[in-house]
Each structure stands twice: as C-alpha cells, then as structure tokens.
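Trainee: Please see the structure below; I have some questions.
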Amino acid sequence: MSASGRSIVDNPSPFVAIRRELHQIPEPGFAEFKTQQYLLNYIKSLPEDRYELRTWRTGILVNVKGTAPVRRFGYRADMDGLPILEDTTYEFRSIHEGFMHACGHDVHMSIGLGVLTHFVHHPIRDDITFIFQPAEEGPGGAKPMLESEELKEWMPDQIIAMHVAPEYPVGTIATRPGILFANTSELFIDLTGKGGHAAYPHQANDMVIAACQLVSQLQTIISRNVNPLDSAVITIGKIDGGTKQNIIAEKARLEGTIRTLSAETMTLIKSRIESLTAGMETAYNCKVDIDYGANYRQVFNHAELTTEFMTWVQEQSKMQLIECTEAMTGEDFGYLLEAIPGFMFWLGVDTPYGLHHAKIEPNEQAIDLAIQTITSYVTWKSSQSN
C-alpha cells in the first residue's frame, strides 16, 4: 500500500471517478459495447474542433490535432475485462456477474482519457493518436486493429503504453530497453479415445490416463529441450475429462499457455508438443488435436526511445525509476511495437494481490500521477521535434 495505507482515494479526481464507473462494466474481448459507449460519451463532451474520432469494431481511435505537426505520437489503452468473479471490498464492484477488471484496464482507460483531455485543452506541436483497443485478454485486438484502414491513416511515428504493476509502490515507473514481456501462445489439446464401463477397462481407451501422461510429458520439454540459460514456461491450467465416476472417459481436454523469451524457443516448443502428441496417438491409440489459440508477440521496447524515456523520468519527473527484469506476462501491444518504435512501462499501483486476482485493488493515487507524467513526457518529447 501507499503511505496512507489506502487503495481508495478520498474526494476522487474526475479520472479516478471515471475509473470507478468503468470498473463496474467489465466486458469480454470484442464485446465491450457498454465500455465503448461510455468512452464515446466522454470523448464527445470535449471540444469537437480539437480532435477527429473513429471507431473500429468495439475500439476507438481519436486523433488530437497538433499546432504545427511534424510527426504523430501514439498512446494505447486496452479495454476488456476478465471472466473472474470479483471479490474486492469496493462499493463500486462489477455489475456484470462473473466479469471483472482484474488486470487494471479500467485504470488504463481512465489514464488514457486523462491524457487525451489534457492535450485537447493544451495542444502541442505534434498530432497524437489515442488507441482504445479491445480484446487484449483475448483473442487479441492489437494485430487486427494495426491492420485496419482506420489506424493505417493515423499510424503513429512513436507509440507508448503502460500497464499497472501490483508489486511496485505508487510513484514508481519500471521498464527496460529490449524485451519486457514474453512471447505467448494459448494451448488447447483435445484427446479422443473410446469410452466404456469402468468395470471393463480392457474394452475401452481411457483419455483421463492419456491426458495425465501428456501433462507430465509436456513438462519434459522445458527441462530437457529448452536451453537452461533460456527461459520458457508451459502451464496446463485446466483439465476436463469424463462424465461420471464409473464411466471410462472417451474424451479429455487440456487448456494451458506457453511463454518464451524468444520467438525461436516458441517454435521449438510447439514442434516438440506436436512430436509428443503424435507419439501419444500411437501409444494410446487415440486422436489428438492441437489448437494454439491466441498468439502474442513479445513486447520488445525500442532501445533508444526507452533509454531516453528512462533518463527523462530520472531527471525531469517526480516518479522513481526502476530498471526491471523481463517478465513472462503476455501483451498484444507487442504487435504494435513490432510495427511502430516505442515502449511500454509498468506503473506501480501497490496492492498485495496480483494481476488477474479476484481481490486486486490498484491504488487510485497512481492515476493522476500517471496522467501528469505521461502528458509532461509527451509535451517534452514533442518540443524536441526538428
């Protein structure tokens, strides 16, 4: 917690209040209809002669006009929630049963609106495109949005984004040049054999047994195929199999995730998964189908721009800077960084509960600090234009 020991601020600022309202309406990827309308209602309350507005699916693009633009900055905030039953102490808990802003996207959006509002009223030399992006949690909105005609016409020359960090205190920014977040891939494996009566196992082909063996074998990829000086993770987070205690399971399903710090290691792991599952088909006389679901590029921060930003934070901001290590978290902002120079940073929000936890309560003091820091940095950066 912060020095005050509270995650909820008294007499909230307009953008803290906005965060609380957004917190109540979390929605899944590409279904952020209420969220989009809320954002549009706010944006349209700003002076319309200062910006241009477009929508893309459930996302929003806003271009704030510069006074004498020579380039375009980009700022991205993600919009979707998670299928988590909220367990916070908030009076403004989610009204969408079974969904929660447990990854801080409500904070991200309120900060984005705060930065947008500042530049609408205090224009800088350059244009700024604000990207309110749907479906970051899946199936992934960054890549198709990047390919859209709407964004291509307002393609930034430099882009930044931030993500709340529960482990860092309020007043802290953490980032690094190079890789910040991992390459990620979803993993779904379906096994199909032959069901039967529990008393006659020799007449059936048990997919619970096959699934258990496969989970163990998948872990050998990390321990025996990946260079121990490299970093990679395979996690199976869910297993479904069978219908009743005395029926041998005809089908089983594994659901998990793969995370690597290099694209080459991701390719290696997928190749080994396919080899292992081919062996399972022979060994257990079953059929195995693999679906890699959503795949996210690594978040790779542009070295020169990130180093410049880190120096600026140390010398010209009120924030404390930490040069952090890379993390195995995934973020589809990596697709934007692959096409546009830029960086992402962690924003300290000081809460004992981690990302995607039902009890996470980010410290709201971070919101106005972030707005002030981002607007000051972009203003300074624009002043460096040639």
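Trainee: How far apart, in nanometres, would the label points at residue 263 and residue 188 be if each is projected 7 angstrom from Cα along the Cα-to-Cβ direction?
Mentor: Using points 7 Å along Cα→Cβ, the separation is 2.5 nm.
Trainee: How large is Rg/Rh for the stretch 40-154, to two decimals, with Cα atoms and a Kirkwood Rh? Walk me through the intermediate numbers first.
Mentor: Values: Rg = 15.5 Å, Rh = 15.3 Å.
Radius of gyration over Kirkwood radius for the stretch 40-154 works out to 1.02.
Trainee: Something else: How much of the accessible area of the chain, in percent, comes from carbon and sulfur atoms when a 1.4 Å probe is used?
Mentor: Exposed carbon and sulfur together represent 50 percent of the surface.
Trainee: Report for the chain the percent antiparallel among DSSP-assigned beta bridges with both residues inside it, nearest 5.
Mentor: Here the share of antiparallel DSSP bridges comes out near 70 percent.
Trainee: In terms of the Cα gyration tensor, with a ≥ b ≥ c the square roots of its eigenvalues, is the stretch 131-182 rounded because a/c is under 1.5, prolate because a/b exceeds b/c, or oblate?
Mentor: Prolate is the answer for the stretch 131-182, as a/c is 1.5 or above and a/b outweighs b/c.
Trainee: Taking only DSSP H segments of four or more residues, each worth -39500 (n - 2.57), what value at 222 nm results for the chain once the sum is divided by all its residues, to the nearest 500 deg cm²/dmol?
Mentor: The helix contribution divided over the chain gives -10500 deg cm²/dmol.
Trainee: Another question, then. On a 0 to 90° scale, report how tilted helix 263-284 is relative to the longest principal axis of the chain, with both axes built from alpha carbons and the result rounded to the nearest 10.
Mentor: The angle comes out near 20 degrees.
Trainee: Another question, if that's okay. For the pair residue 230/residue 199, report the inter-label distance in nm, with labels modelled 7 Å from Cα in the Cβ direction.
Mentor: Distance between the two pseudo-spin positions: 5.1 nm.
Trainee: With a 10 Å cut-off between alpha carbons and a GNM built on the chain, which of 184, 351, 55 moves the most?
Mentor: Answer for the Gaussian network model of the chain: 55.
Trainee: Return the percentage of antiparallel bridges among DSSP beta bridges fully within the stretch 195-288, rounded to the nearest 5 %.
Mentor: 100 percent
Trainee: Can you give me the relative contact order of the stretch 51-101 as a percent, contacts being Cα pairs under 8 Å and 6 or more apart?
Mentor: Values: 41 pairs, mean separation 12.8, N = 51.
Here the relative contact order equals 25 percent.
Trainee: If you don't mind, another one. In sequence order, what are the phi-derived ³J(HN,Hα) couplings for the stretch 206-219 according to the Karplus relation 6.51 cos²θ - 1.76 cosθ + 1.60 with θ = phi - 60°, rounded to whole Hz, with x for glycine and proline?
Mentor: 7, 7, 5, 4, 4, 5, 4, 5, 5, 4, 5, 5, 4, 5
Trainee: Relative contact order for the chain using alpha-carbon pairs under 8 Å, separation at least 6, rounded to a whole percent? Provide the component values of the computation, followed by the final result.
Mentor: Working: 876 pairs, mean separation 93.3, N = 386.
Relative contact order, the chain: 24 percent.
Trainee: Okay, next question. Give the span of the stretch 223-377's Cα atoms along each principal axis, as three whole-Å numbers ordered largest to smallest.
Mentor: If we take the Cα atoms of the stretch 223-377, the spans are 65, 35, 27 Å.
Trainee: Hey, what's the Kirkwood Rh for the chain if you take every pair of different alpha carbons, in angstrom?
Mentor: 22.5 Å
Trainee: With springs only between Cα atoms under 10 Å, which of 87, 350, 368 fluctuates most in a Gaussian network model of the chain?
Mentor: Of the options given, 87 has the highest mean-square fluctuation.
Trainee: Could you put 13, 376, 185 in order of accessible surface area, largest first, with the 1.4 Å probe and the full protein assembly present?
Mentor: Ranked from most to least accessible, the order is 376, 13, 185.
Trainee: Treating only the Cβ atoms of Lys and Arg (+1) and Asp and Glu (-1) as charged, compute the dipole magnitude of the stretch 286-355 about its Cα centre; round to the nearest 20 debye.
Mentor: With only Lys, Arg, Asp and Glu charged at Cβ, the dipole is about 120 debye.
Trainee: For the chain, find the longest principal axis of its Cα atoms and tell me its angle to the long axis of helix 105-121, 0 to 90°, nearest 10.
Mentor: Roughly 20 degrees, rounded to the nearest 10.
Trainee: While we're on this one: With an 8 Å cut-off on Cα pairs and a minimum separation of 6 or more residues, tell me the relative contact order of the stretch 80-236 in percent.
Mentor: Worked out over the stretch 80-236, it gives 13 percent.
Trainee: Provide the descending list of Cα extents for the stretch 145-288 along its principal axes, expressed in whole angstroms.
Mentor: Principal extents (largest minus smallest coordinate, Cα): 65, 39, 32 Å.
Trainee: Moving to a separate point now. Using a 1.4 angstrom probe on the protein heavy atoms only, line up 304, 137, 331, 147 by accessible area, largest first.
Mentor: Final ranking, largest accessible area leading: 304, 147, 137, 331.
Trainee: Here is a further query. For the stretch 290-386, rounded, prolate or oblate, judged on the Cα gyration tensor with a ≥ b ≥ c (square roots of eigenvalues), a/c < 1.5 rounded, else prolate if a/b > b/c?
Mentor: Note, shape of the stretch 290-386 comes out oblate.
Trainee: While we're on this one: Measure nothing but the geometry: give the 0 to 90° angle between the long axis through the Cα atoms of 365-383 and the longest principal axis through the Cα atoms of the chain, rounded to 10°.
Mentor: 60 degrees
Trainee: Rounded to whole Hz and in sequence order, give me ³J(HN,Hα) for the stretch 314-325 from the Karplus expression 6.51 cos²θ - 1.76 cosθ + 1.60, θ = phi - 60°, writing x for Gly and Pro.
Mentor: Per residue, the Karplus-derived 3J(HN,Hα) values read 5, 9, 10, 10, 8, 8, 8, 9, 10, 8, 8, 8 Hz.
Trainee: Here's a follow-up. With a ≥ b ≥ c taken as the square roots of the eigenvalues of the C-alpha gyration tensor of the stretch 99-187, please select rounded if a/c is under 1.5 and otherwise prolate if a/b is larger than b/c or oblate if it is not?
Mentor: Verdict is oblate for the stretch 99-187.
Trainee: Would you look at the GNM of the chain, springs on alpha carbons closer than 10 Å, and say which of 119, 300, 333 moves the most?
Mentor: Per the Cα network of the chain with a 10 Å cutoff, 119 tops the list.
The values are calculated or read from the model by the stated rules, or taken from the named source; none is laboratory data. All figures in this text were calculated on a predicted structure; none of them were measured in a lab. No Cβ is skipped: glycine too gets one built from the backbone with ideal geometry, and neighbour counts run over all protein chains shown. The protein model used for the area step is the full one, side chains on, heavy atoms only, and it has no ligands, DNA or RNA in it. Shrake-Rupley method; radii C 1.70, N 1.55, O 1.52, S 1.80 Å.
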